[in-house]
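J.: Next up is a structure, given as structure tokens.
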Amino acid sequence: MTEGRSTRFTAVELSAVLTVGSVGVLIAGLQPQLLGGLAQEGRLSADALGDVATAELLAMGVAAGGAGLLLKAARLQPMAALALVALALLNFATARASGGAILGLRATAGLAEGILVWLTIGTIVRTAHPARWSGVYLLVQTGAQFAVATAFGLWIIPADGSSGGFLALGIVSALAFLALPWLPRRYEPLAEPTTVAASVPARGWIALASVACWLAFVVAVWVYVEPLALQRGLGHREVAVIAPLSLAMQMVGASAATLLAGRWAALPVLFGCAAANVALLAVMGAPGSGGAFVAATAAFGFLWLFAMPFQLPVLMAADPSRRSAELAGGAQLAGASLGPLLASRLVTDRDVSHVLSFGTVALALALLLTIAGVIGRRPLAIR
């Protein structure tokens, strides 16, 4: 199999790519505020809230993965421009929408966001150190989400509600146009497959499935962490610190991964993170002090973003052409959207603890698929 080649990008090109890529995933950190605001204002039912969140993330995953399979890595600037125009307009339209129209608008927005994610992942997998740049991307996007979420929570949403939030999100999407002239114009092909089916080997699909299962575990547990905390008897003050503390620890995790990816072998890191996560799930599921639960969720946030950059070397071990690695964003988003959807079938209003069992099973399946994808390869040598 042809091995993918790295490309030299300038610092300006990488900065521009990280900018548009971070705009593409901003909504992932803002859904609780924006969709929750729509529900509180009576513009979206509580049942529809979960459907809208799932539809947008799933559309992002489909677009990011589909673009990697179907689109040529040329005319990147016009594609990014179209995606940003569409995203800005859809955000502006959501500010005035209600009911079923919101579902269609956010699902379509997810397609535009997925194109931006594909463009960013396409850059990262072509660098000489993809795991390290994946950590940088996670750090930048999480920092952007933290900054925008803080502005929304302190000023924009209290003053103008969810409409103000979506209008501000549209303005941010439009401002990303400033980065367009510095985006790469095209990418060198990673490989020369004769058909789409031949572009990703079976091992690559298996490794991508492991990535999807890992994110299904993470996001399913995260979506239900506050109801679980209340069920465990935590007070509202303790619950209120879970999200901001976890977000801060996610940034620490991404920073640590940026420093260590490329230096530490990927497979032991992922297995170590999995073992630590199982211990954290046990703490979350056991009766105990509120402090222990909050500490566990903070560590969970650290491991969330610390582990993700180490998935790229595993994908590259399973498929040295890097075509599978190019689809990593789609697999992550697909898992992030399907995990909560599947977990929702196991929980009730009175008892959400079964999400911990779902998370454990999804994590175990992710590890088994990881082993299946790289068995016979040399994953320890891929950094």
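The values are calculated or read from the model by the stated rules, or taken from the named source; none is laboratory data. If you're wondering where the values come from, they're calculated on a predicted model, not measured in any experiment. Every residue, glycine as well, gets a Cβ built from its backbone with ideal geometry; the counts of neighbours run over all protein chains shown.
J.: Counting only residues that are of a type in the set (Gly, Ala, Ser) and in contact with a Lys or Arg (Cβ under 9 Å, 6 or more places away or on another chain), which one in segment 116-145 is surrounded by the most Cβ atoms within 10 Å (Cβ to Cβ)? So that I can check it myself, show each step before the final result.
T.: Start the filter on segment 116-145 by keeping residues that are of a type in the set (Gly, Ala, Ser), which leaves 122, 128, 131, 134-135, 143-144.
Now drop any that are not in contact with a Lys or Arg (Cβ under 9 Å, 6 or more places away or on another chain), which leaves 128, 131.
On the way: ALA128: 12, ALA131: 29.
Restricting to residues being of a type in the set (Gly, Ala, Ser) and in contact with a Lys or Arg (Cβ under 9 Å, 6 or more places away or on another chain), the top hit is ALA131.
J.: Search segment 271-287 for residues being farther than 13 Å from LEU356 by Cα and touching a residue at least 12 places away in the same chain (Cβ under 8 Å), and hand back the single one that is surrounded by the fewest Cβ atoms within 10 Å (Cβ to Cβ). Steps first, answer last, please.
T.: Filtering segment 271-287 down to residues farther than 13 Å from LEU356 by Cα leaves 271-276, 287.
Within this subset, residues satisfying the condition of being touching a residue at least 12 places away in the same chain (Cβ under 8 Å) are 271, 273-274, 276, 287.
Numbers: PHE271: 13, CYS273: 20, ALA274: 19, ALA276: 16, PRO287: 8.
Within segment 271-287, the match that is surrounded by the fewest Cβ atoms within 10 Å (Cβ to Cβ) is PRO287.
J.: Quick one: what pairs do we get from segment 222-245, first residue closer than 20 Å to GLN145 by Cβ, second of a type in the set (Ser, Thr, Tyr) and surrounded by 17 or more Cβ atoms within 10 Å (Cβ to Cβ), C-beta under 7 Å, 6+ apart or different chains?
T.: VAL225/THR297; ILE242/THR297
J.: If you go through segment 285-325 one residue at a time, how many are part of a helix (DSSP H, G or I) and among the polar types (S, T, N, Q)?
T.: Step one: of segment 285-325, the residues part of a helix (DSSP H, G or I) are 285, 290-318, 323-325.
Narrowing further to those that are among the polar types (S, T, N, Q): 297, 311, 324.
Qualifying residue count, segment 285-325: 3.
J.: If ALA366 meets every condition in (1) touching a residue at least 24 places away in the same chain (Cβ under 8 Å); (2) part of a helix (DSSP H, G or I); (3) more than 12 Å from VAL211 (Cα to Cα) apart from one, which number is that one?
T.: In the conditions (1) touching a residue at least 24 places away in the same chain (Cβ under 8 Å); (2) part of a helix (DSSP H, G or I); (3) more than 12 Å from VAL211 (Cα to Cα), ALA366 misses (3) alone.
J.: When residues of segment 319-347 are filtered for being of a type in the set (Ser, Thr, Tyr), in contact with an Asp or Glu (Cβ under 9 Å, 6 or more places away or on another chain) and over 18 Å from GLY29 (Cα atoms), how many remain?
T.: Taking segment 319-347 and keeping what is of a type in the set (Ser, Thr, Tyr), we get 321, 324, 337, 344.
Applying the additional criterion that residues be in contact with an Asp or Glu (Cβ under 9 Å, 6 or more places away or on another chain) yields 321, 337.
Now narrow it down to the ones that are over 18 Å from GLY29 (Cα atoms): 321.
Matching residues across segment 319-347 total 1.
J.: Pairs please, first residue from segment 339-356 and surrounded by fewer than 16 Cβ atoms within 10 Å (Cβ to Cβ), second anywhere and in a loop (DSSP other than H, G, I, E, B), Cβ atoms under 7 Å, 6+ apart in sequence or on different chains.
T.: Partner pairs satisfying both residue conditions: HIS354/LEU346; HIS354/VAL347.
J.: Filter segment 249-270 for residues that are surrounded by fewer than 19 Cβ atoms within 10 Å (Cβ to Cβ) and within 30 Å of GLY233 (Cβ to Cβ) and give the result.
T.: VAL252
J.: May I pose another question? Enumerate the helices (runs of 4 or more DSSP H) found wholly within segment 130-221, keeping only those where 3 or more residues are more than 30 Å from CYS273 (Cβ to Cβ).
T.: On the way: elements: 130-151, 157-175, 196-199.
Hits in segment 130-221: 157-175, 196-199.
J.: Could you check segment 82-101 and list, in sequence order, the residues that are of a type outside the set (Ser, Thr, Tyr) and either touching a helix residue (DSSP H, G or I) at 6+ places or on another chain (Cβ under 6 Å) or not assigned by TED's automatic domain parsing to the domain that holds LEU49 (or both)? Walk me through it before giving the result.
T.: Of all residues in segment 82-101, those of a type outside the set (Ser, Thr, Tyr) come to 82-93, 95-97, 99-101.
If the condition is that a residue be of a type outside the set (Ser, Thr, Tyr) and either touching a helix residue (DSSP H, G or I) at 6+ places or on another chain (Cβ under 6 Å) or not assigned by TED's automatic domain parsing to the domain that holds LEU49 (or both), then ALA83, LEU84, ALA86, LEU87, ALA88, LEU90, ASN91, PHE92, ALA93, ALA95, ALA97 are the ones that fit.
J.: Name every residue in segment 234-277 that is farther than 26 Å from SER210 by Cα and not in a helix (DSSP H, G or I), in order of residue number.
T.: Of everything in segment 234-277, those that are farther than 26 Å from SER210 by Cα and not in a helix (DSSP H, G or I) turn out to be LEU234, GLY235.
J.: Report whether or not THR108 is of a type in the set (S, T, N, Q) and buried (at least 21 other Cβ atoms within 10 Å of the Cβ). Steps first, answer last, please.
T.: Values: of a type in the set (S, T, N, Q): yes; buried (at least 21 other Cβ atoms within 10 Å of the Cβ): no.
No, not satisfied.
J.: Hey, another quick one. Does LEU89 fit the bill of being over 21 Å from the mean Cα position of the chain (by Cα), surrounded by fewer than 17 Cβ atoms within 10 Å (Cβ to Cβ), closer than 14 Å to ALA109 by Cβ and not hydroxyl-bearing (Ser, Thr, Tyr)?
T.: Values: over 21 Å from the mean Cα position of the chain (by Cα): yes; surrounded by fewer than 17 Cβ atoms within 10 Å (Cβ to Cβ): no; closer than 14 Å to ALA109 by Cβ: yes; not hydroxyl-bearing (Ser, Thr, Tyr): yes.
When the stated conditions are applied, LEU89 does not pass them.
J.: Still on this structure: Would you mind stating whether ALA147 is small (Gly, Ala, Ser), assigned by TED's automatic domain parsing to the domain that holds GLU41 and without any contact (Cβ under 8 Å) to a residue 40 or more places away in the chain? Give the steps one after another, and end with the answer.
T.: Numbers: small (Gly, Ala, Ser): yes; assigned by TED's automatic domain parsing to the domain that holds GLU41: yes; without any contact (Cβ under 8 Å) to a residue 40 or more places away in the chain: yes.
Answer is yes for this residue.
J.: Mind listing whichever residues of segment 49-85 are hydrophobic (A, V, I, L, M, F, W, C) and assigned to a loop (DSSP other than H, G, I, E, B)?
T.: So in segment 49-85, the residues hydrophobic (A, V, I, L, M, F, W, C) come out as 49, 52-53, 55, 57-60, 62-64, 67, 69-71, 73-74, 76, 79-85.
Selection gives LEU71, ALA73, ALA74.
J.: Would a scan of segment 21-35 turn up a residue that is more than 16 Å from the chain's Cα centre (by Cα) and of a type in the set (Gly, Ala, Ser)? If you could, list the steps in order and put the result at the bottom.
T.: Filtering segment 21-35 down to residues more than 16 Å from the chain's Cα centre (by Cα) leaves 33-35.
Filter once more, so that each one left must be of a type in the set (Gly, Ala, Ser): none.
No: segment 21-35 contains no residue that is more than 16 Å from the chain's Cα centre (by Cα) and of a type in the set (Gly, Ala, Ser).
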